[in-house]
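Encoded as C-alpha cells, the structure appears first; notes follow it.
Values in this text are rule-based calculations from the coordinates and carry no lab data. Everything numeric in this text was worked out from a predicted model, so none of it was measured. Neighbour counts are summed over all protein chains in view; Cβ atoms, including those assigned to glycine, are modelled from backbone coordinates with ideal geometry.
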Amino acid sequence: MNTRTLTVALACIAAVALVGCDPAATEVTPDTPAATEPAAKAPAAPSAAEDEPAEEKAVPTFVGMGLQSAQDTAQAEGFFSLRSHDSAGRDRLQALDRNWKVCSQSVTPGKVIPTDTTLDFGAVKLEEECPASDEKAPETAGGKMPDFAGESVKAARGALDSGTSITVTDAAQGRMVLMESNWQVCTQDPTPGTALNGQPVEFTAVKFEENC
C-alpha cells in the first residue's frame, strides 16, 4: 500500500469515528411534533337571568290619562306587555294612541303584581265620554242571530262566522259604508233569535252621530 492510499484510508476512519461520537448526529428527530391533548372546555356558566322570577311592583293609576302617556308610564315602571281595546264596544283600533284616553284598566291600581303581567287598557277617543263600564262586543250564542241594533257594523261582522255573506247599506243617504266601526246597525235580516245556518245577512246602518 502506497503512502497516498494509506492517508486516504486513515482520513475515512477518522471521519467515521467523529460522526459516531457526535450525539447530535445520532439523535433521531421525529418528522412531526408530538401530539398534545386538547384542553378540556370549561362548562358555560349558567345565566343569572334564567328562571329568575319577574320583579313585582304596584300598578299605577292609569284611568284618566292619555293612552300614550299611560303606556309610557307603564313601561317606565317595568310593565312592557301592554294591550288596549275600545271601551265603547265598537271594535275600533287605537291606531294613534295620543288621540285616545284611558277609561279602564285590567288590574286594580296599587295591586302588586309581576312586571311581566299583561296590562289591558280600555279607551275611547279624546272627545268622547267614558262609559260607566266597558261595552262588550256582541257575541253569537247558541247558533242564533244576536240583536245588533246600535252596535257598530264592524263589531257585528266580527261576531258572525267569517264565511258569512254580509251586505251593508246606508239607511239614510245611500252612502258607501267604508269604515264600519264608525257606523251603527239600524236594522238586520235575519231578525234576532233566528237560527244561523249560513244564510246571507243584511244590515242597514247610519253613522254613530246620526239617528236611525
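What ranking do 83-92, 198-207 get when scored by the average of other Cβ atoms within 10 Å per residue, highest first?
Result, highest mean first: 83-92, 198-207.
Compute, for the stretch 63-183, the length of the dipole vector about the Cα centre, with Cβ point charges of +1 (Lys, Arg) and -1 (Asp, Glu) only. Units Debye, rounded to 20.
Working: 12 positive and 18 negative charges, 23 e Å.
Charge dipole of the stretch 63-183: 100 debye, to the nearest 20.
I'd like the Kirkwood hydrodynamic radius of the stretch 44-119, using the inverse of the mean 1/r over distinct C-alpha pairs, in Å.
Values: mean 1/r = 0.0726 Å⁻¹.
Kirkwood radius, the stretch 44-119: 13.8 Å.
Compare the peptides 130-140, 56-66, 178-188 by average per-residue count of other Cβ atoms within 10 angstrom and give them in order, highest first. The partial results should precede the final answer.
On the way: 130-140: 14.0, 56-66: 15.8, 178-188: 18.3.
Descending mean neighbour count gives 178-188, 56-66, 130-140.
Can you compute the modelled spin-label distance between Lys111 and Lys207, with each label point 7 Å from Cα toward Cβ, in nm?
Each label point is offset 7 Å from its Cα along the Cβ direction, giving 3.9 nm.
With Cβ to Cβ distances under 14 Å as the rule, what net charge do the other residues near Ala70 carry (K, R +1; D, E -1)? Numbers along the way, then the final one.
On the way: positive: Arg83, Arg98, Lys101; negative: Asp72, Glu77, Asp97, Asp120.
Around Ala70, the charge tally is -1.
Once fully extended, how much extra length lies between Arg175 and Thr118, figured as 0.36 nm per residue of separation less the alpha-carbon to alpha-carbon distance?
On the way: separation 57, 0.36 × 57 = 20.52 nm, distance 4.04 nm.
Separation in residues times 0.36 nm, less the Cα-Cα distance, equals 16.5 nm.
Let me check I've understood the local charge: for Val185, count other residues with C-beta under 13 angstrom from its C-beta, Lys and Arg +1, Asp and Glu -1. What total comes out?
Values: positive: Arg90, Lys154, Arg157, Lys207; negative: Asp91, Asp147, Glu151, Asp170, Glu180, Asp189, Glu202, Glu210.
My count for the surroundings of Val185 gives -4.
Could you pull out the pairs from Lys57/Lys154; Lys101/Lys154; Lys111/Lys136; Lys101/Lys207; Lys101/Lys144 whose alpha carbons sit more than 31 Å apart here? Walk me through the numbers before you get to the answer.
Numbers: Lys57/Lys154 37 Å; Lys101/Lys154 21 Å; Lys111/Lys136 25 Å; Lys101/Lys207 22 Å; Lys101/Lys144 35 Å.
The answer is Lys57/Lys154; Lys101/Lys144.
Among bridges DSSP assigns within the stretch 98-212, what percent are antiparallel (round to 5)? Can you show the working numbers first?
Details: 13 of 18 bridges.
Antiparallel bridges: around 70 percent, rounded to the nearest 5.
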